[in-house]
Amino acid sequence: MAASIKDVAREAGVSIATVSRVLNNVDVVNEDTKKRVQDAIKKLSYRPNIVARSLKTQKTKTIGILVPDISNQFYPEVVRGAEDVANIYDYNIILCNSDSDLDKEKEYIRVLKEKMVDGMLYMSSSLEGEILDLIDELELKTVLVETKISGGKLPSVTIDNKKAAYDATKYLLEKGNKKVAYIGLKKDRTNAVSRRYNGYEKALKDSGIEVDPGLVYFGGLKAADGYNGINVILEDSEIDAVFCASDEVAMGAINALRDKGLDCPKDVDVMGFNDNSMAAVFYPKISTVAQPMYDMGSVGMRMLIKIVNNKPLDDDQYVLQYYLVERDSVK
């Protein structure tokens with residue numbers, strides 16, 4: 001039979017209230033008493049009843065993390081950063097993968113509320129009004145990671161995606177490329193990734209180059225999208241370079257170029273985004289925009305834990321630094 005809080009109190013020679021104070025990390029318990037209680041907990045392998053405890057404290061010490069595609073190499077690194085911080089503060093994680101499906105996303109948010117999570121880290125390839133309304137309706141404490149909404153309605157951790165894409169595109173132009181293609185998400189999507197197109201567009205215009213719709217392919221963020229994008233663009237156009245909205249897209253683009261008999265970077269420069277673990281070992285090694293993925297998760301989790309515990313934030317709209325990584329896919 002599992003040990004109860006009464007058993008712990010009896011073993012430690014203290015009251016049940018004292019055991020409860022130790023479990024809830026209340027400072028009034030002296031160190032000697034705390035150690036006796038902790039030793040008793042360890043000896044008896046006692047685990048608190050989370051449901052009973054949450055009814056009293058109104059907290060479950062559980063955080064929900066919602067991602068759009070766990071197979072995308074960006075998200076596991078972000079989750080790892082968030083989970084490491086959660087472990088430091090004794091929070092548990094419920095990870096939900098929405099497959100970029102809006103209905104599935106809404107259902108997961110409702111499930112997380114039913115599971116009485118203390119809060120949610122929200123990552124998504126979309127940020128629709130329906131989602132924001134649902135978060136507001138359920139009064140679910142939320143921090144956005146990777147994306148943000150205008151007006152700062154929800155706390156967020158991002159990079160400046162538009163500026164990062166601008167810098168990446170300018171880098172390709174400064175290499176002497178004139179016909180720079182883009183493969184990524186549509187600019188009218190309500191998320192951070194779509195802003196990369198805005199940065200691409202602005203870099204071309206600032207360099208006196210009109211955007212050629214024939215050099216733009218809107219799809220997803222997987223390798224297949226990069227492969228298909230190159231095939232579609234090359235049907236009617238020639239290119240000097242391509243800026244890809246993710247490293248996976250860049251990998252697909254490079255493979256498509258190779259199948260077309262074109263060499264990267266000799267014939268076409270290719271630039272990625274994120275700097276995932278494969279970018280440095282793919283052939284050729286991919287030049288890319290490095291996002292601080294682990295830090296985005298850890299900063300987001302620290303923010304959320306502060307919010308859950310009603311502590312003030314130093315800043316509720318964190319914009320972390322990115323940098324360009326020069327490798328072999330650009331001449």
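The values are calculated or read from the model by the stated rules, or taken from the named source; none is laboratory data. Everything numeric in this text was worked out from a predicted model, so none of it was measured. Positions of Cβ are backbone-derived with ideal geometry, glycine not excepted, and every protein chain shown enters the neighbour counts. What goes into the accessible areas is simple: the full protein's heavy atoms, side chains included, and nothing from ligands, DNA or RNA. Shrake-Rupley method; radii C 1.70, N 1.55, O 1.52, S 1.80 Å.
What the table shows:
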read-out: Mean separation of Cα contacts under 8 Å (6+ apart) over length of the chain, as relative contact order %; value: 17 percent
read-out: Gyration tensor verdict on the stretch 115-179 (Cα atoms; rounded if a/c is under 1.5, prolate if a/b is larger than b/c, oblate otherwise); value: prolate
read-out: Angle in degrees between helix 161-174 and the longest Cα principal axis of the chain, rounded to the nearest 10; value: 30 degrees
read-out: Unsatisfied cross-links (Cα-Cα over 22 Å) in the set Lys141/Lys311; Lys202/Lys285; Lys141/Lys163; Lys34/Lys141; Lys175/Lys285; value: Lys202/Lys285; Lys141/Lys163; Lys34/Lys141
read-out: Relative contact order of the stretch 67-207, defined on C-alpha pairs under 8 angstrom at six or more residues apart (%); value: 19 percent
read-out: Cβ crowding within 10 Å averaged over residues, with 66-72, 211-217, 296-302 ranked highest first; value: 296-302, 66-72, 211-217
read-out: In nm, spacing of pseudo-spin labels at Ser207 and Glu235 (7 Å Cα→C-beta vector); value: 2.6 nm
read-out: Given (i) 20.3; (ii) 21.2; (iii) 22.0, the label whose value is Kirkwood radius over Cα pairs in Å derived from this model; value: (iii)
read-out: Hydrodynamic radius (Kirkwood) for the stretch 172-331, which is based on Cα pairs only, to one decimal in Å; value: 16.5 Å
read-out: Beta bridges by DSSP in the chain, antiparallel share as percent, to the nearest 5; value: 10 percent
read-out: Residue among Ala12, Ala253, Ala290 with the largest mean-square fluctuation in a Gaussian network model of the chain, springs linking Cα atoms under 10 Å; value: Ala12
read-out: Carbon plus sulfur fraction of accessible area for the stretch 38-175, probe 1.4 Å, in percent; value: 47 percent
read-out: FRET E, pair Arg47, Glu326, Förster distance 30 Å, beta-carbon r, rounded to 0.05; value: 0.05
read-out: Gyration tensor verdict on the stretch 20-161 (Cα atoms; rounded if a/c is under 1.5, prolate if a/b is larger than b/c, oblate otherwise); value: prolate
read-out: Accessible surface, 1.4 Å probe, highest first, among residues Tyr227, Tyr75; value: Tyr227, Tyr75
read-out: For the chain, built as a Gaussian network whose Cα springs stay under 10 Å, the top-fluctuating residue of Arg21, Arg195, Arg258; value: Arg21
read-out: Cut-off 19 Å, label 7 Å out along Cα→Cβ of Glu107, residues of the stretch 134-161 by amide N; value: 134-135
read-out: Å² of accessible area per residue within the chain, as computed with a 1.4 Å probe and no ligands counted; value: 49 Å²
read-out: Contour excess over end-to-end distance, with Cα ends at Asn25 and Val319 and 0.36 nm allotted per residue; value: 102.6 nm
read-out: Helix-derived mean residue ellipticity, 222 nm - over the chain, DSSP H n ≥ 4, -39500 (n - 2.57), to 500; value: -13500 deg cm²/dmol
read-out: Global geometry of the stretch 161-247, whether rounded, prolate or oblate, following the gyration tensor of its Cα atoms and the 1.5 cut on a/c; value: oblate
read-out: Local electrostatic count at Ile239 - Lys and Arg +1, Asp and Glu -1, tallied over other residues with Cβ under 12 Å; value: -4
read-out: Added length on full extension, which subtracts the Cα-Cα distance from 0.36 nm per residue, Asn92 to Gln38; value: 17.5 nm
